[in-house]
Each structure stands twice: as structure tokens, then as C-alpha cells.
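The values are calculated or read from the model by the stated rules, or taken from the named source; none is laboratory data. Just so we're clear, the structure is a prediction, and the values are computed from it rather than from any experiment. Heads up, the Cβs are rebuilt from the backbone with ideal geometry, glycines too, and the neighbour counts pull from every protein chain shown.
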Amino acid sequence: MQKTIACIGSGNMGTALMKAAAKVVGGANIGFSDVERGKAELAAKQLGAKVYTSNSEAVAVADFVFLAVKPQVMASVLAELVPFVEQRLTARLPVTLVSMAAGWSIGKLRAALFDTVGQPIVRIMPNTPALIGQGVIALAAENVAEETLTELETILAGAGMVDRLSEGYLDAVTALSGSGPAFVCMFIEALADGAVRAGLTRERALCYAGKMVAGSAMMMLETGKHPGELKDMVSSPAGATIAGIAALENGAFRGVVMNAVEATFRRTKELG
């Protein structure tokens, strides 16, 4: 695919997605721009990519521009890009902007671009497993041609599952799969702590806990069985597992997890 991609921001997520993109377009067709030029140079070196001298240069030449910046600085970044976005539109060579900022709706992105008519905007919510090609990437778009969306899905596919959906669901996706890896890692750490308390070494406890969580997730996905059914498969009458489940229920485990997702959802709305 002969496409040029720019990534404004060179943090973990932007770099992970550019690694996936490099498999499709080649590292030489990717460039980074960052206020911390050293970070951009480091990311570019990994992929054989280039470093742009400014965000405006990135928008002037790229087919896709990924906005991999924090929600708090998105407004200032977009304000800088407005004249160059307008130039591309006037020349009928619009750049497709791809934002991954939590809480920033397509409408808010468009307003920050001074309601630039016809500007293609894509909003995505990836997660950190994209770093190893096992991510979940939800995608919503406005004013983007089907051919361009298909190209973008191909570019992102190397980072994990890409799922197109209505934008109204993206804040919930952020709360679940966007923030969820942090919750799962806390759970794995707690499981390992329990095993260390029971006598396993730390190294072995972490390995077993991680493998168990990954295997359980794959079993649910590949069998299509409800997690409650899989839980029941392990829970013998008056056995050890049901004793552990009772301890989790006494601690309101499921309620706490649901509250964590809801709190993240509310904060995502606030960021918007």
C-alpha cells in the first residue's frame, strides 16, 4: 500500500500503532512529530521512519495523520493544524485525521478545527496489548470514504482486532478495553501475591497467574461459552474453588469491578 502516515506524538500507543502500520506501508513511509524531538527520533529509529520538523509538515504531506497526544493538549495541537488542513481540503487532497484521545468526540474535534467542512475524521480507541499485536481497536468515522476506511483497517490490523462501531459506544469502549488492561494487571498481581503467600516463588507465581488469565480468556473466546458457565466447570460442590469464589463475593468483587468501569466511563465523559 503506497500511503504516507504521520504520527503526532511518539508515546507507547502511537509507536505501537506505527509498528503495525510499518508492516503494511513500510517504515520509510512513516514519520513522527513530537515536542520532545528525542522521543520522536527514538521511535523513528525503531522503524526506519523519519522525523518531521513540525506538526504542520506532517499534515502537509501525509495521507493519514494519527493524533497520539493527551486529551489535555489536543486543542492546541489542532489549532496549529487548521490552516494546513484547510489547504489540503481546498486542493481536494484532504488528510485523514485519526484521533485516539479519550473523551474527544468527532464533533469536538471538528469544532476545534473551526468546523472545517468535509474534513475526514476518524476516532479510535486502542489499548496497550496493541504493543504485541493483541490489541482491541474500536473505530468510528465521519466524512471518510469507504475505501479510505478499509485502508485504515488494513493499516491497524497488525496491532490487533479492529472493530467499526457507532461513535456513541466509544466512551464505554474506553472504560472497558482502553483502561481494562490496567485492571487485569492489578488482578494478575493480586493473584500472584496470594500464591506467594501460599508458598510459590514470585517468579513462578507471576508466570502461572499470567498464563492462567490468558488461557481462561482464550477459552471463553474460542468456545463461545459464557464465563459463568466456565466458572461453574471449575466449581465442585464443597470444593476449594467455590470457597475462593465465596471469598471474592464477600469482598464484593464483581461490584467493585463494575464500579471501576463506571468510574472510568464517567471520567472519560469529563475529559470530553
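GLY103: modelled with pLDDT under 95, within 18 Å of ASN12 (Cβ to Cβ), surrounded by fewer than 18 Cβ atoms within 10 Å (Cβ to Cβ) and within 20 Å of the chain's Cα centre (by Cα), yes or no? Let's see the steps before the verdict.
On the way: modelled with pLDDT under 95: yes; within 18 Å of ASN12 (Cβ to Cβ): no; surrounded by fewer than 18 Cβ atoms within 10 Å (Cβ to Cβ): yes; within 20 Å of the chain's Cα centre (by Cα): yes.
So GLY103 does not fit the description; no.
Residue-by-condition table, conditions (1) at pLDDT below 95; (2) in contact with a strand residue (DSSP E or B) (Cβ under 9 Å, 6 or more places away or on another chain); (3) over 17 Å from VAL77 (Cα atoms):
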| residue | (1), (2), (3) |
| --- | --- |
| GLN2 | yes, no, yes |
| CYS7 | no, yes, no |
| ASN12 | yes, no, yes |
| THR15 | yes, yes, yes |
| LYS23 | yes, no, yes |
| GLY31 | no, yes, no |
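Taking the range 140-176, which residues are within 12 Å of the chain's Cα centre (by Cα) and closer than 22 Å to GLN2 by Cα?
Selection gives LEU156, ALA159, GLY160, VAL162.
May I ask you to say which residue of GLY215, GLY210, GLY199 is at positive phi, of a type outside the set (Lys, Arg) and not assigned by TED's automatic domain parsing to the domain that holds ILE106?
Just one listed residue meets the conditions, GLY199.
When the residues of the range 240-272 are narrowed to those that are at pLDDT 95 or above and not in a helix (DSSP H, G or I), which ends up farthest from GLY168 (Cα to Cα)?
Ranking the candidates gives GLY251 first.
For the range 69-76, check the following and say yes or no: at least one residue is surrounded by 15 or more Cβ atoms within 10 Å (Cβ to Cβ), touching a helix residue (DSSP H, G or I) at 6+ places or on another chain (Cβ under 6 Å) and at pLDDT 95 or above.
no
On the given criteria, is LEU221 within 24 Å of the chain's Cα centre (by Cα) and outside any loop (DSSP other than H, G, I, E, B)? Before you say what the answer is, go through the steps one by one.
On the way: within 24 Å of the chain's Cα centre (by Cα): yes; outside any loop (DSSP other than H, G, I, E, B): yes.
Yes.
Scan the range 6-29 and tell me whether some residue there is in a strand (DSSP E or B), closer than 18 Å to ALA157 by Cα and β-branched (Val, Ile, Thr).
The answer is no; no qualifying residue exists.
Just to be sure, is ASN29 farther than 21 Å from ALA102 by Cα, crowded, with 17+ Cβ neighbours inside 10 Å and among the polar types (S, T, N, Q)?
yes
Hey, LEU139 hits all of (1) more than 19 Å from ALA182 (Cα to Cα); (2) out of contact with any Lys or Arg (no Cβ under 7 Å at 6 or more places or on another chain); (3) outside any helix (DSSP H, G or I) but one; which does it fall short on?
Unmet condition: (2).
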